[in-house]
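The structure under discussion appears below in the form of structure tokens.
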Amino acid sequence: MTDGTITISAMGDTGADAMAAVIYPPQVAIVGFGAPVARPWITGDTIAPRMTVTVTLSADHRVSDGRRGAKFLAAIDTALQTPEAL
């Protein structure tokens, strides 16, 4: 076993929507998941309620940059669209 690289923090049980995390070495990033909430969502030409969750990423820019972080969050979004495939 070695030290972790990325920490996942879930705050849904507290009702928090988002977080701003502080990174402690040797961690290079923290991904925060807020509480799932039903929000109005536009799908095609209609507005319907949809369960959403806010996902935040705090990253050490000495290790990576914002573009890679955005791609990482997009990959999480894509994976969560079909949870049965995880």
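When segment 63-86 is filtered for residues that are closer than 19 Å to PRO25 by Cα and either in contact (Cβ under 8 Å) with a residue 12 or more places away in the chain or among the polar types (S, T, N, Q) (or both), the ones remaining, listed by number, are VAL63, SER64, GLY69.
Of all residues in segment 1-26, those that are closer than 11 Å to ALA59 by Cα have Cβ atoms under 8 Å from Cβ atoms of residues that are part of a loop (DSSP other than H, G, I, E, B) and among the aliphatic types (A, V, I, L, M), 6 or more apart or on another chain, in THR5/VAL28; ILE6/VAL28; THR7/ALA21.
With respect to ALA38, determine if the residue is in a loop (DSSP other than H, G, I, E, B) and of a type outside the set (D, E, K, R). Answer is no for this residue. What number of residues within segment 24-35 satisfy the criterion of being assigned to a loop (DSSP other than H, G, I, E, B) and surrounded by 12 or more Cβ atoms within 10 Å (Cβ to Cβ)? Of the residues in that region, 4 qualify.
None of the figures in this text is laboratory data; all of them are computed from the coordinates on show. Every value quoted in this text rests on a predicted model; they were computed, and no experiment measured them. Reconstructed Cβ throughout: ideal geometry from the backbone, glycine too, with neighbour counts over all protein chains shown.
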